[in-house]
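S.K.: Can you keep this structure in mind? I'll have questions shortly.
The values are calculated or read from the model by the stated rules, or taken from the named source; none is laboratory data. Note that the structure is a prediction, hence the values are computed from the model and not measured. As a convention, Cβ positions derive from the backbone with ideal geometry for all residues, glycine included, and neighbour counts pool all protein chains shown. The area values use the complete protein model at the heavy-atom level, side chains included, leaving out ligands, DNA and RNA. Shrake-Rupley method; radii C 1.70, N 1.55, O 1.52, S 1.80 Å.
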Amino acid sequence: MSAYEKVANHPRFHMLLQTNQLKGLMTIIRDKDTKRGDFVFYSDRIIRLLVEEGLNYLPVVEKTVTTPMDVPFRGVAFEGRICGVSIMRAGESMEQGLRDVCTSVRIGKVLIQRDERTAQPKLYYSKLPKDIADRWVLLLDPMLATGGSARKCIEVLQEAGVKEERILFINLICAPEGVLSMLEMFPKLQIISAELDEGMDVQKFLLPGLGDFGDRYFGTDE
C-alpha cells in the first residue's frame, strides 16, 4: 500500500468531502495565474470550511431547549472551550477564518524556523493563552510537507500542558509522508485537510502544490 493510500484510509486523517465546489475552489488557488485578491478570497472560503469540519471532532453533550413554538427540542452543545494556535507566518492567514466561525476565540502564535547550524526546527517565539492546558487547540498551518515545524509546535503545546488528544491540526494541503510522520509520532492527533497531494519534490516542496502560501496570501511574492 502506498503512502497516499495509507493516509487516505487512516482513521485520524479527515479530508473534506471532495465536492465539485471544493475542487473548484482548490483549482483557483492552485492556479499560478490567480491574482492575490482572488487567492485570498477563495483561500478564506476553504479555511472556513476546514474550521467548520474541525469543530465536528469536538465533544458534545445533550442539551434540550424550548423553541418559539413552546416545544422542547433535544439537541447538543459543545463541551469544553477552544483556542487557535497559528504557526507563523503562513498560519496567521487562517486566523480570520477561525474568528469568522468562532467569535471572540483566543489565538496563540508560535514561530518556528530551521536552525542553520543543526538543520532542525527551532522555537523562536511562543505566545499562548494562559489557560491553554484546559482548552481544545485548533492548530493552524495551511501546508503540511515534511511536518518538521508542526511536530515542534505540538511539542511546545505539550510542554504547555495541552493533551495530545485535544489538538486538531488543520491545513489546506498536505503530503502523505508528512501526515504519516505526524500520526506516527502523535498517536492521538487528528488532522483535518482539504486535499492530499501526491508527494514532494527533492527540495521538499508539495506536488502539485500551490507555491508558497504565505507569500501568495500576504502579497510578498510580488
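S.K.: Among the candidates I107, I154, which residue alone is modelled with pLDDT of 95 or more, in contact with a helix residue (DSSP H, G or I) (Cβ under 9 Å, 6 or more places away or on another chain) and either in a helix (DSSP H, G or I) or of a type outside the set (A, V, I, L, M, F, W, C) (or both)?
M.R.: Numbers: I107 fails: either in a helix (DSSP H, G or I) or of a type outside the set (A, V, I, L, M, F, W, C) (or both).
Going through I107, I154 in turn, the sole match is I154.
S.K.: If I filter the stretch 114-155 down to residues being under 20 Å from C83 (Cα atoms) and of a type in the set (S, T, N, Q), which single residue comes out as surrounded by the fewest Cβ atoms within 10 Å (Cβ to Cβ)?
M.R.: S126
S.K.: Here's something else I'd like to know. In this structure, is G91 in contact with a strand residue (DSSP E or B) (Cβ under 8 Å, 6 or more places away or on another chain) and in a strand (DSSP E or B)?
M.R.: No.
S.K.: Could you tell me which numbered condition G75 fails, if it satisfies all but one of (1) farther than 17 Å from K163 by Cα; (2) in contact with a Ser or Thr (Cβ under 6 Å, 6 or more places away or on another chain)?
M.R.: Evaluating G75 over (1) farther than 17 Å from K163 by Cα; (2) in contact with a Ser or Thr (Cβ under 6 Å, 6 or more places away or on another chain) leaves (2) as the failure.
S.K.: Scan the stretch 177-222 for residues that are within 23 Å of W136 (Cα to Cα), out of contact with any Lys or Arg (no Cβ under 7 Å at 6 or more places or on another chain) and open to solvent by less than 30 Å² (accessible area, probe 1.4 Å) and jot them down.
M.R.: Result: G178, V179, F186, I192, S193, A194.
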